Amino acid sequence: MPINLLHRHVLEDHISGFETNANPNHLSVIRRPVIFSVLAHAGYEAAVAEALHNADDIASRYCSPSEFLAVSQTRGAGSVAEFLTAIPGASFVNQSDGFVLMAISGPSVRAILSKCLAVDLHPDTFGEGHSAAMMCCHVAANVARTGRNTFELLVPRSFAGSVFDELMEAGSAHALTRGFAD
Amino acid sequence: MASLITCPHCGTRPKEEFSIRGAAAPKRPAPAAKDEVWHRYVYVRDNPKGRVLEYWHHVAGCRRWLVVDRDNFTHEVFGVMDASDFERVRGVE
């Protein structure tokens with residue numbers, strides 16, 4: 001049973017001030033996402049990936065051939081756990097408290113992220129629905145493309161403040177705004 | 001040093017995401033092998049100039065062990081494979 005540390009979000013101190021309206025380039029922090037780490041047993045890798053891909057309201061994030069993150073912004077932890085239990089050959093653990101989920105969107109999103117990532121984000125090589133583990137602002141993060149100009153980042157909780165500050169600095173030239181997605 | 005490594009699971013990545021362990025060419029001897037053979041496996045390494053096989057760990061990516069076939073003089077990378085595939089191929093030979 002994870003200790004619920006999310007009553008006060010880890011980025012609460014970083015998001016304060018008077019800006020209330022989001023600019024076209026916006027970084028939104030999702031308050032209480034449900035995040036499960038899923039490991040596929042040997043021989044079940046493809047079946048587990050397929051089951052996660054077809055799940056309703058659960059986004060599957062690719063980490064390695066046998067490791068995935070299941071992310072949901074709408075379903076509760078109990079419901080996701082129930083779904084994962086039904087997948088044969090999968091082990092999972094609730095990591096909701098261990099990760100921070102941020103969504104960055106806007107016309108300049110690639111220019112902003114190119115200051116933080118050393119990976120080619122052109123749609124031809126990193127298309128919609130693609131996700132991978134990579135270094136973001138010197139932190140091992142999971143980056144996913146959810147739309148043409150929308151990306152989602154999963155960052156370990158203890159590094160989220162540093163990544164958030166670097167993202168805001170990278171986005172300052174593009175008038176990046178930030179806020180909780182409520 | 002080769003600056004871009006194409007991980008078979010993650011795609012082309014900068015070398016900063018990896019940690020290098022060492023030569024992949026030495027084969028682990030049988031447990032009952034002679035002390036001299038074990039000494040050679042554990043301590044004695046060639047220091048070649050040119051093409052080398054090395055274990056690289058993709059720390060900030062898929063966290064898998066890879067075997068990188070590269071030239072330490074020209075920095076050219078000839079191929080990258082998962083360490084489990086490397087062992088399988090080597091076992092067959």
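The values are calculated or read from the model by the stated rules, or taken from the named source; none is laboratory data. Bear in mind the structure is a predicted one, so any value in this text is a computation, not a measurement. Every residue, glycine among them, receives a Cβ derived from its backbone with ideal geometry; neighbour counts consider all protein chains shown.
Could you go through the stretch B:20-40 and let me know if any residue there is touching a residue at least 24 places away in the same chain (Cβ under 8 Å), under 19 Å from A:Pro65 (Cα atoms) and touching a helix residue (DSSP H, G or I) at 6+ places or on another chain (Cβ under 8 Å).
no
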Assess whether A:Ile104 counts as being away from chain B (no Cβ under 14 Å), more than 28 Å from A:Asp56 (Cβ to Cβ) and buried (at least 22 other Cβ atoms within 10 Å of the Cβ). no
If I filter the stretch A:47-74 down to residues being polar (S, T, N, Q) and not in a loop (DSSP other than H, G, I, E, B), which single residue comes out as farthest from the chain's Cα centre (by Cα)? A:Ser64
Name the residue that is surrounded by the most Cβ atoms within 10 Å (Cβ to Cβ), counting only residues in the stretch B:55-83 that are within 13 Å of chain A (Cβ to nearest Cβ), part of a loop (DSSP other than H, G, I, E, B) and among the hydrophobic types (A, V, I, L, M, F, W, C). B:Cys62
Candidates A:Ala133, A:Ala160, A:Ala77, A:Ala141, filtered to the one that is away from chain B (no Cβ under 14 Å) and either at pLDDT 95 or above or under 12 Å from the mean Cα position of the chain (by Cα) (or both): A:Ala160
Which residue, of A:Val29, A:Val38, A:Val100, A:Val119, is within 24 Å of B:Trp65 (Cα to Cα), touching a residue at least 40 places away in the same chain (Cβ under 8 Å) and not acidic (Asp, Glu)? A:Val38
Based on what the data block shows, is A:Cys116 on the phi > 0 side of the Ramachandran plot, within 14 Å of another protein chain (Cβ to nearest Cβ) and either surrounded by 15 or more Cβ atoms within 10 Å (Cβ to Cβ) or at pLDDT 95 or above (or both)? no
Is one or more of the residues making up the stretch A:78-85 within 29 Å of B:Ser84 (Cα to Cα), surrounded by 19 or more Cβ atoms within 10 Å (Cβ to Cβ) and in contact (Cβ under 8 Å) with a residue 40 or more places away in the chain? yes
Do we have A:Leu121 as within 25 Å of B:Thr12 (Cβ to Cβ), assigned to a strand (DSSP E or B) and within 14 Å of chain B (Cβ to nearest Cβ) here? no
A:Ser91 versus (1) surrounded by fewer than 16 Cβ atoms within 10 Å (Cβ to Cβ); (2) modelled with pLDDT of 95 or more; (3) within 18 Å of the chain's Cα centre (by Cα): which is the lone unmet condition? (3)
Taking the stretch B:3-28 and keeping only residues that are part of a loop (DSSP other than H, G, I, E, B), away from chain A (no Cβ under 14 Å) and either touching a Ser or Thr at 6+ places or on another chain (Cβ under 8 Å) or exposed (fewer than 15 other Cβ atoms within 10 Å of the Cβ) (or both), one is left with B:Ala25, B:Pro26, B:Lys27, B:Arg28
